[in-house]
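Participant: Mind having a look at this structure? Questions to follow.
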Amino acid sequence: MTVSCTGGKRRHRLLEATATSSLESAQLDLEADRRKHLQGRKLVLEKLREKYRKEMSHWELLSNTLVEMEKRAKVQHAELPFSTECEGDASDLAQKLHSDRSYRRKL
């Protein structure tokens, strides 16, 4: 049994070539997968950033609106005439109401 040396070498070279090419293609596939993954993460983070920017501008608008409303309320409150002294206490008020009721009954 003689084995041809050239056939064995040729087969060995073919196996090496296919092994290296499959290894290179596997590395390229891994690199492509990694790029896809990073691109996906980047898109998700960009969407999240945009969502928070919108939310922050909404809260800023609400805050500014509240400040304006408070300013208007202060101005309106300052323009309203009001007395700082109470006219009598609660018992005086109750007596007035009671006397008004008794007056109405008499009529």
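Participant: Could you tally the net charge around Leu28, taking each other residue with its Cβ under 12 Å from the Cβ of Leu28, Lys/Arg +1 and Asp/Glu -1? Each step should come with its number before you reach the end.
Facilitator: Details: positive: Arg34, Arg35; negative: Glu24, Asp29, Glu31, Asp33.
Net of charged neighbours comes to -2.
Participant: Turning to a different aspect of this structure: Starting from the Cα of Leu45, step 7 Å along the direction of its Cβ; do the same at Ala26; then give the gap between the two resulting points in nm.
Facilitator: A separation of 3.0 nm, rounded to one decimal place.
Participant: Using 0.36 nm per residue of separation minus the Cα-Cα distance, give me the extension gain between Arg53 and Ala78 in nm, one decimal.
Facilitator: Values: separation 25, 0.36 × 25 = 9.00 nm, distance 3.76 nm.
Length difference between fully extended and current span is 5.2 nm.
Taken together, the values in this text are just the output of simple stated rules run on the coordinates, not laboratory data. Keep in mind it's a predicted model, so treat the numbers as computed, not measured. Because the Cβ atoms are built from the backbone with ideal geometry, glycine has one as well, and the counts that use them run over all protein chains shown.
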